[in-house]
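To keep things clear, I will list the structure first and then write my remarks on it.
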Amino acid sequence: MYIVFAYFMETMVIGLIHMVKLWATGKYGKPNRLSSGMNSEGLTGWGGILFFAVHYFFFVFVQSVFVFAIFSIGGSQSMFAEPFSVIENYKMLLQHTEMQLTLGIIAATQMLSAVRYFFAPRLFEQYSFNELFFQPYLRIFIQQFATILAFGVFIVAGGGKAAALILIVIRHLIDCLLVAARHSETVKEALVKWLASSGKKNQPPPSAPEEISRSLDVFLQR
């Protein structure tokens, strides 16, 4: 159970750090551009950061409701309030020393990573606000898919532990793929080729490989 909620807390920490990245990129980064190459205001400034916070953390809230439901119905009623009491449930989790230590380690690791790989090399000057905006959403989409699948297994099989195990395994496998893409040009090129050729008939042609590669770099924070 602690491993599952460690993933969710890490997602929240990443979201908070990303708000600082957006601020730096909006202040010092490149201007937003339309597909035609013209400058565009788009999402930027404090309004864009506020929109990100509401949208991103709403996803986290909904996913948390599903996971709290799994563990509450699965036999942890004495620990958690009802699933929609997300803040109260996280407060209960943080009363445990294990979760306090885990959150501290996650926060320190993510902040050091952001400083080393984003702020120190001044990557905020290389991207526009719009380009960087969706960077952490890949994690959200993966978490959404894993949570829904795990909840489906729980509904069908009625096993909270089995559902949690599926969530952990899926997240681990996809995280391994993304790490491989971050450190291996071969894996990254394979992903770019797959994405570039994924268009269907009667649809606009897929983006150029160069655009996909740059977008993937943003997601992988290369």
message = Need pairs with beta-carbon distance below 7 Å; first residue on the phi < 0 side of the Ramachandran plot and hydrophobic (A, V, I, L, M, F, W, C) and within region 115-134, second outside any helix (DSSP H, G or I) and crowded, with 21+ Cβ neighbours inside 10 Å; sequence gap 6+ or separate chains.
response = Phe124/Gly29; Phe129/Gly29
query = So Gly37 fits all but one of (1) modelled with pLDDT under 90; (2) at negative phi; (3) not aliphatic (A, V, I, L, M); what number is the exception?
reply = (2)
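The values are calculated or read from the model by the stated rules, or taken from the named source; none is laboratory data. Not measured: the values here are computed from a predicted model. In this analysis, Cβ positions are derived from the backbone assuming ideal geometry, glycine residues included, and neighbour counts consider all displayed protein chains.
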